[in-house]
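Have a look at this one before I ask anything.
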Amino acid sequence: MKIGLKVWASNPIAHVKAAEKLAQDGLCDYIEIYVGNNMTDYIERWHDLPLAKVIHAPHLAHKFNFADCNLRAYNAKIFSEVQMFADRLESSLIICHGGT
């Protein structure tokens with residue numbers, strides 16, 4: 001079993017040091033980073049964290065909804081940012097909610 005820590009990308013100051021400590025103590029195997037809208041400014045702060053990274057795409061709380069065809073252009077723009085975030089952090093996983 002692997003244990004992860006889920007955090008928001010927008011709060012690296014509070015979470016990076018805590019995640020490093022958990023990893024050093026053997027209590028955390030990976031970090032799941034929720035990427036809301038306009039969070040690409042925070043990529044560099046997460047990059048050097050010595051943990052595997054899983055990226056969590058925005059969901060309905062950020063108006064990201066794959067199931068709504070009226071949001072197709074918006075969803076594509078946001079998912080492009082999420083992919084860039086994942087690529088930059090060398091994450092092989094992106095979690096997405098299907099929407100409603």
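The values are calculated or read from the model by the stated rules, or taken from the named source; none is laboratory data. This structure is a prediction, so every number in the text was calculated from the model and none was measured. Cβ coordinates were reconstructed from backbone atoms using ideal geometry, including for glycine residues, and neighbour counts include every protein chain displayed. Calculation scope for accessible area: heavy atoms of the full protein, side chains included, ligands and nucleic acids excluded. Shrake-Rupley method; radii C 1.70, N 1.55, O 1.52, S 1.80 Å.
Diagonalise the Cα gyration tensor of the chain and give the resulting equivalent ellipsoid semi-axes, square root of 5 times each eigenvalue, largest first, whole Å.
Values: eigenvalues 133, 35, 23 Å².
Computed over the chain, the values are 26, 13, 11 Å.
While we're here: Most mobile of I55, I33, I43 per a Gaussian network model of the chain (Cα springs, under 10 Å)?
Among I55, I33, I43, the largest mean-square fluctuation in the Gaussian network model of the chain belongs to I43.
Helix 12-24 versus the longest principal axis of the chain: what angle, 0 to 90°, nearest 10, using Cα atoms?
Tilt of helix 12-24: around 50 degrees.
Oh, and also: In Å², and per residue, what accessible area does the chain have when probed at 1.4 Å with the other protein chains present?
Accessible area per residue: 60 Å².
Still on this structure, I have one more. How large, in percent, is the carbon and sulfur part of the accessible surface of the chain at a probe radius of 1.4 Å?
Carbon plus sulfur share of accessible area: 54 percent.
May I ask which residue of A14, I43, A67 lies farthest towards the positive end of the charge dipole of the chain, with charges of +1 (Lys, Arg) and -1 (Asp, Glu) on Cβ and the Cα centre as origin?
Going by the charge dipole, the pick is A67.
May I ask for the angle, rounded to the nearest 10°, between helix 72-88 and the longest principal axis of the chain, with both axes built from Cα atoms and the value confined to 0 to 90°?
So the helix axis and the longest Cα principal axis differ by about 20 degrees.
Step through the table entries K6/K77; K53/K77; K21/K63; K17/K53, compare each Cα-Cα distance with 26 Å, and write down the pairs that go over it.
Working: K6/K77 24 Å; K53/K77 22 Å; K21/K63 33 Å; K17/K53 15 Å.
Those over the limit are K21/K63.
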